[in-house]
Amino acid sequence: MCAKKVTIREVAKRAGVSIATVSQILNGKAMNFNPLTVQKVQAARDELGYKADHLARQMVGKQSKTIGILVPEITNSFFSTLVKGIEEELLRSGYISMLCNGGFNGAKEEKALLELAKRGVDGFIIASPSISDEVLKEVLQIKKRPVIVLDQKTFSERSDEVTTDDFNGGLLAARYLKKMGHTKVAVIVPDLATVNIMYRLQGFLTEFPQALQIKTELSKSGGQAVVAELLEQNIEAVFALSDELAFGIYLGMRQKNKSIPNDLSVIGYDDVEMCRYVTPALTTVAQPIYELGKQAADLMIKRLASPNSPYVKRVLPVKLVIRQLKLKFEAFSKVCYSLVAAIKTF
């Protein structure tokens, strides 16, 4: 025989408080009550073995405590790290996630988003460039679900946003290559560049306006495919607008029996874990990927709690992580000259 399910009314009776008080305390509003009252309610819950009925809560309160997450490629370590950050913050606040992997397929991603809406998720965290403005508008205006757009926003109205300082990231990469003495440089750009990636490109071109721009697929195979052109053009250094592209360049160079950084200096973007394990370790512009996910989840939780508050844009800083690049002879000579001058002065 199945044990009788403990009700919230029984918890309230055991704690000596109202049902409304129990409901609020057990649904994340304990800070509004006297700590002694909170302690009594939690003790009564534990003694009776009360478990919240999330289906009933959804029917009554119109909340599922579930957030839909859409990413284009979960096998890309950038997105897996991002999702970890999102899930940790959601769980901390009593929410769970429902993850969809779109595979850079616009039709598939749009269908996934609409199916998530049908299943009653409370909101969406979207980290995909393939979702059209029309679909976002439908979710926002018809489905009445809040959306947090992560790192690659196109829809400019009625949604919160978390991104990183991509323009400065491109600028940091360019200035470092210039400091290393490189003049003949290239930048690898995805065929379908999102807004955030275009900001990286703009920052880089501020220092290298004549840089060779090579378009390719945003993948390891895309990076591999551009190596022949880089070698034909006698490029000294290349800025790959994602680490995935940089890893592909590493493979392509090895297949051509060429060495990094002796034959080509490479800078990536993202600082995924694999950057430390390739040889030589990849110099890259680091995004706070995990924190990006946590900030997105935090914005979603705040939006659900205050649906009518002003929309927020958060921009997180980036930094250049220097590992191994080739210092050109001219730049090396300048460093030596400075050291000699300093020694003479001393």
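The values are calculated or read from the model by the stated rules, or taken from the named source; none is laboratory data. As the structure is a computational prediction, the values presented were derived from the model and not from experiment. Reconstructed Cβ throughout: ideal geometry from the backbone, glycine too, with neighbour counts over all protein chains shown. Keep in mind that these areas ignore ligands, DNA and RNA; they rest on the heavy atoms of the full protein, side chains included. Shrake-Rupley method; radii C 1.70, N 1.55, O 1.52, S 1.80 Å.
Any chance you could check the Cα centroid distance between region 174-213 and region 258-288 for me, in angstrom?
If we compute the Cα centre of each part, the gap is 16 Å.
Whenever you get a sec, line up I19, I249, I322 from highest to lowest accessible area (probe 1.4 Å, protein heavy atoms).
Values: I19 65, I249 0, I322 90 Å².
Output order, biggest surface exposure first: I322, I19, I249.
Each residue of region 102-116 in order: what ³J(HN,Hα) in whole Hz does its phi give by Karplus 6.51 cos²θ - 1.76 cosθ + 1.60, θ = phi - 60°, with x for Gly and Pro?
With coefficients 6.51, -1.76 and 1.60, one gets x, x, 6, 10, x, 5, 5, 5, 5, 5, 4, 4, 5, 5, 4 Hz.
Label-point separation (nm) for Y277 and R119, each offset 7 Å from Cα along Cα-to-Cβ?
It is 3.0 nm.
Among the chymotrypsin sites (Phe, Trp or Tyr not before Pro) in region 256-327, which ones are in a DSSP loop with at most 16 other Cβ atoms within 10 Å of the Cβ? Mind listing them?
Numbers: sites: Y269, Y277, Y290, Y311; in loops: Y277, Y311.
Sites meeting the loop and neighbour criteria: Y277, Y311.
At a probe radius of 1.4 Å, what is the per-residue accessible area of L99, in Å² to the nearest 10?
80
For region 285-326, what does the alpha-carbon gyration tensor say about shape, rounded, prolate or oblate, given a ≥ b ≥ c as the root eigenvalues, a/c under 1.5 as rounded, and a/b over b/c as prolate?
Values: a/c = 8.32, a/b = 3.36, b/c = 2.47.
Taking the square roots of the gyration eigenvalues as a ≥ b ≥ c, region 285-326 is prolate.
Given the pairs K29/K144; K179/K319; K40/K118, which are separated by over 27 angstrom at their Cα positions?
Details: K29/K144 24 Å; K179/K319 16 Å; K40/K118 38 Å.
From K29/K144; K179/K319; K40/K118, over 27 Å: K40/K118.
From the P(r) of region 163-203, can you give the percent of Cα pairs sitting at distances over 14 Å?
Details: 396 of 820 pairs.
Tail of P(r) above 14 Å: 48 percent of Cα pairs.
In terms of modelled amide H atoms, which long-range or inter-chain residues lie less than 5 Å from the amide H of G123?
Residues meeting the amide H criterion: G68.
How much length would be gained if the chain were fully extended between A20 and A43, taking 0.36 nm per residue of separation minus their Cα-Cα distance, in nm to one decimal?
Length gained, A20 through A43: 6.6 nm.
With every protein chain left in place and a probe of 1.4 Å, what is the accessible surface of V195, to the nearest 10 Å²?
About 60 Å², rounded to the nearest 10.
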